[in-house]
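The values are calculated or read from the model by the stated rules, or taken from the named source; none is laboratory data. Note that this is a predicted model, so its numbers are computed, not measured. Using ideal geometry, Cβ is built from the backbone for each residue, glycine included, and neighbour counts are taken over all protein chains shown.
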Amino acid sequence: MTVPGAVATLLEGLVDYAGLFPPAALDMDAAVTHYARYRHATDRAMLGRFVVPAARLAEFVAAVDRLPHGAPTPRAPWACAVLAALADAPALREVAVRVGECLRLDVVEAKAGDAAGIAALAEAFGPAVTVYVELAASSDPAPLVEVIARHGLRAKLRTGGVTADAFPTPAEVLRFLEACVTAGVACKATAGLHHPLRGEYPLTYAPDSPRATMHGFLNVFLTAAFLQAGVAAADVAPLLEERDPTAIHADADGIRWREWRLTRDALVTCRRTAAVSFGSCSFEEPVHEVATLPFG
């Protein structure tokens, strides 16, 4: 994949591979094999973590052990994100010790609906684990994001699914991103971001799949970067609904949308401290589609 340097900076490690989840819903061996192949592909720079439920960790480790090649090693470990709950903390620690340096089980994604739940997650997993707390898009996330900040955790937003009603509105996405940037909380997204730009797409891979308006990952992550760079939410809000690929211009040193420009340094800062990654059941789809954009 050949893209301008600033775009490559934005995309680096962006896609956490969630092949186990719908609409792909691969079996464990297939998902593990795909991830091993992606790690050696020409587009591997865009690949992030392998996403696995805590309840399937034993199955995951067994599938990794069966790999004929491309298996993780201490020199080339696999970074994983584990979907977990409070009760999973002891088992996760036990598995992490057993797999050692080959599998890094140092990121957890969990749900919490109130301040007490967030505090419990922080205590259960401890400072050695990075915890993303999934928040509901339907209510103002700012109060809970502030709690997340106090505990040194991160936030997560579900940006879609396999039904049209699973997608939050652009205003809800903007509200979440603004709350995170204001509080200095890093965040990630999950689901529904297979495509670079907002548009009408099939919801599943079935031939007769219904279609719906889906968010684009460039829309979401560029919006986060502009917010962190100080552009007002009202000014950047239309970016979440941008569908024109010629509206985004990029070169080696930055990305421009309308009259605003992000430097490469600003993109690096955003990806490290504000908008970290998104989970996708497809790695190939976002990679191939972003490579077709003009960025002129």
Quiz item: Has segment 210-217 got any residue that is outside any loop (DSSP other than H, G, I, E, B), modelled with pLDDT of 95 or more, small (Gly, Ala, Ser) and farther than 27 Å from ALA291 by Cβ?
Solution: no
Practice problem: Taking VAL108 as the residue in question, decide whether it is within 24 Å of PRO77 (Cβ to Cβ) and either touching a helix residue (DSSP H, G or I) at 6+ places or on another chain (Cβ under 6 Å) or of a type in the set (Phe, Trp, Tyr) (or both). | Solution: yes
Quiz prompt | Top-ranked residue in segment 242-267 [being part of a helix (DSSP H, G or I) and without any contact (Cβ under 8 Å) to a residue 12 or more places away in the chain; ranked as nearest to PRO286 (Cα to Cα)] | solution = ALA247
Quiz item: Does LEU239 satisfy being crowded, with 18+ Cβ neighbours inside 10 Å, touching a Ser or Thr at 6+ places or on another chain (Cβ under 6 Å) and part of a helix (DSSP H, G or I)?
Solution: yes
Exercise. Would you mind stating whether THR159 is more than 17 Å from ALA84 (Cβ to Cβ), buried (at least 19 other Cβ atoms within 10 Å of the Cβ) and among the polar types (S, T, N, Q)?
Key: yes
Practice problem: Would you check if ALA54 is in contact with a strand residue (DSSP E or B) (Cβ under 6 Å, 6 or more places away or on another chain), modelled with pLDDT of 95 or more and farther than 30 Å from ALA8 by Cα? | Solution: yes
Quiz item: Has segment 183-196 got any residue that is free of Cβ contacts under 8 Å to residues at least 12 places away in the same chain and exposed (fewer than 15 other Cβ atoms within 10 Å of the Cβ)?
Solution: no
Quiz item: Which one of ALA112, ALA128 is surrounded by 19 or more Cβ atoms within 10 Å (Cβ to Cβ) and either within 28 Å of HIS195 (Cβ to Cβ) or among the aliphatic types (A, V, I, L, M) (or both)?
Solution: ALA112
Practice problem: Provide a single number: the residues in segment 198-214 that are within 18 Å of THR169 (Cα to Cα) and surrounded by fewer than 20 Cβ atoms within 10 Å (Cβ to Cβ). | Solution: 7
Quiz prompt | Count of segment 180-200 residues which are part of a strand (DSSP E or B) and over 17 Å from ARG158 (Cβ atoms) | solution = 2
Quiz item: Looking only at residues in segment 131-152 that are of a type in the set (A, V, I, L, M) and touching a residue at least 40 places away in the same chain (Cβ under 8 Å), which one is surrounded by the most Cβ atoms within 10 Å (Cβ to Cβ)?
Solution: VAL145
Quiz item: If we keep just the residues of segment 244-296 that are in contact with a helix residue (DSSP H, G or I) (Cβ under 9 Å, 6 or more places away or on another chain) and among the basic types (Lys, Arg), which is nearest to HIS34 (Cα to Cα)?
Solution: ARG271
Quiz item: Does VAL133 qualify as being within 13 Å of ALA186 (Cα to Cα) and touching a Leu at 6+ places or on another chain (Cβ under 8 Å)?
Solution: yes
